[in-house]
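Structure, as structure tokens:
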């Protein structure tokens, strides 16, 4: 008798577990949807707040990462450019700063963008970010923590 009762109870437990669904309830789905919408709205508002008008009146974005100086590792692994004429952004940078008075460190140079740090006496003074796909040049004053140039160049 006890064995029959145990078998019956186990069968009922298995049947109940098999019949239950792991689907989230409507309130759980609605809460997740609202969270996702809030995150998307926050992201969109952050993107619009980061956009700054340049001298031509167009909106261009400056990321917070653009204001970060290079790490010591990045500086030691960086290369010094041998021919500045290869970089199309140099003509515009020459109009803003005296490049000859700085040591240049090419931190990143890949098909998407190029990042150059300008140092003087081991102190990082400027950071140039050139986004190649849309010819966007950003020159950041690392001492004042503000953009000097944010514009598309040709």
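Just checking: which of the strands (runs of 3 or more DSSP E) contained wholly in region 30-111 hold 3 or more residues that are at pLDDT 85 or above and surrounded by 10 or more Cβ atoms within 10 Å (Cβ to Cβ)?
103-109
Limited to region 91-117, what total is found for residues that are within 16 Å of residue 67 (Cβ to Cβ) and over 24 Å from the mean Cα position of the chain (by Cα)?
Matching residues across region 91-117 total 0.
Could you list all residues from region 123-154 that are outside any strand (DSSP E or B) and touching a residue at least 12 places away in the same chain (Cβ under 8 Å)?
132, 133, 134, 135, 142, 143, 145, 153, 154
If the Cβ limit is 6 Å and pairs must be 6+ apart or interchain, which residue in region 85-106 that is in contact (Cβ under 8 Å) with a residue 12 or more places away in the chain and in the same structural domain as residue 122 (by TED's automatic domain parsing) pairs with which residue that is surrounded by fewer than 16 Cβ atoms within 10 Å (Cβ to Cβ) and not in a loop (DSSP other than H, G, I, E, B)?
Correct list of pairs: 96/148; 102/120; 106/79.
For residues that are closer than 18 Å to residue 74 by Cβ and under 18 Å from the mean Cα position of the chain (by Cα), scanning just region 118-138, find the one that is surrounded by the most Cβ atoms within 10 Å (Cβ to Cβ).
So the residue we want is 128.
Just need a number here: residues in region 108-128 that are under 12 Å from residue 89 (Cβ atoms) and in contact with a strand residue (DSSP E or B) (Cβ under 7 Å, 6 or more places away or on another chain).
Of the residues in region 108-128, 5 are under 12 Å from residue 89 (Cβ atoms) and in contact with a strand residue (DSSP E or B) (Cβ under 7 Å, 6 or more places away or on another chain).
The values are calculated or read from the model by the stated rules, or taken from the named source; none is laboratory data. Since the model is a prediction, treat every value here as computed from it, not as a measurement. So basically every Cβ, Gly included, is an ideal-geometry build from the backbone, and we count neighbours across all protein chains shown.
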